[in-house]
Amino acid sequence: MNLKRFLVLSVFTYLFCAVIAVGYQKDTPANVYVSVPATITLAELSPQQLQDRAVELTTTTTSTTTTQPTTTVVPAALTFQCAEWFPIAISVGWPNNIETLTGLSHLLWKETRCQNVDYKHPAFNGHDHGLIQSNEIHRAWAEELFDMPFEQSMSDPTINLRFGWLLYESAENLWGCGFHPWGMC
């Protein structure tokens, strides 16, 4: 192929691509602004909840058995996966209704198969903690809320579920779906 034909073919290809690109451009709005909330407001534990939690954390017991809080769960929810965690979840703020407990059941099963996967667990992936698999991105927020190291607080199922509820509530207010942080909306 001679140089003249090569140049003509190159110019033709370039112009053809330019025409195609210009012809397929869609009309886009000039300026699109998305409002992003500056802060996230969370409800803190009530004074009674803080006092109860402090007693739980400072009390030393030698017994290896644990007792579940006496909370009545919606009867239909007792057949869901991970229902053993519902009494604790309800006691730390999760609503005792079928819709929310269904989502919580799916969340706990999807994330940990109902196991408390903390930083000492063999299945720990290095950055997601506890039942709700709280991510490292929430470290500062959790440490501020619970006044203890992130690994320690997220290893406690009660605190982990409380933090999950606060995260759920925040996402519900921001995006209209509380399970958004877990990609379940």
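Residues checked against (1) polar (S, T, N, Q); (2) over 22 Å from residue 56 (Cα atoms); (3) not in a loop (DSSP other than H, G, I, E, B):
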{"position": "93", "(1), (2), (3)": "no, no, no"}
{"position": "96", "(1), (2), (3)": "yes, yes, no"}
{"position": "111", "(1), (2), (3)": "no, yes, yes"}
{"position": "116", "(1), (2), (3)": "yes, no, no"}
{"position": "141", "(1), (2), (3)": "no, no, yes"}
{"position": "161", "(1), (2), (3)": "no, no, yes"}
{"position": "171", "(1), (2), (3)": "no, yes, yes"}
**Study point:** Restricting the range 129-185 to residues that are at positive phi and out of contact with any Cys (no Cβ under 9 Å at 6 or more places or on another chain), the residue that is surrounded by the fewest Cβ atoms within 10 Å (Cβ to Cβ)
**Key:** 183
Review point. Taking the stated definitions as given, is residue 28 at pLDDT below 65 and either touching a Gly at 6+ places or on another chain (Cβ under 9 Å) or more than 25 Å from residue 174 (Cβ to Cβ) (or both)?
Key: yes
Check your understanding: For the range 105-131, which residues satisfy the criterion of being touching a residue at least 24 places away in the same chain (Cβ under 8 Å) and closer than 22 Å to residue 170 by Cα?
Key -> 105, 106, 107, 108, 109, 110, 111, 129, 130, 131
Revision key, fill the gap. Restricting the range 100-119 to residues that are more than 14 Å from residue 156 (Cβ to Cβ) and over 15 Å from the mean Cα position of the chain (by Cα), the one surrounded by the fewest Cβ atoms within 10 Å (Cβ to Cβ) turns out to be 113
Review point. What are the residues in the range 147-185 that are among the aromatic types (Phe, Trp, Tyr), in contact with an Asp or Glu (Cβ under 9 Å, 6 or more places away or on another chain) and without any contact (Cβ under 8 Å) to a residue 40 or more places away in the chain, if any?
Key: 150
Exercise for review: Sort out which residues of the range 82-102 are touching a Cys at 6+ places or on another chain (Cβ under 7 Å) and of a type in the set (Ser, Thr, Tyr), and write them in order of number.
Suggested key: none
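The values are calculated or read from the model by the stated rules, or taken from the named source; none is laboratory data. Computed from a predicted model, the values in this text were never measured in an experiment. Methodologically, a virtual Cβ is constructed for each residue, glycine included, from the backbone with ideal geometry; neighbour enumeration extends over all protein chains shown.
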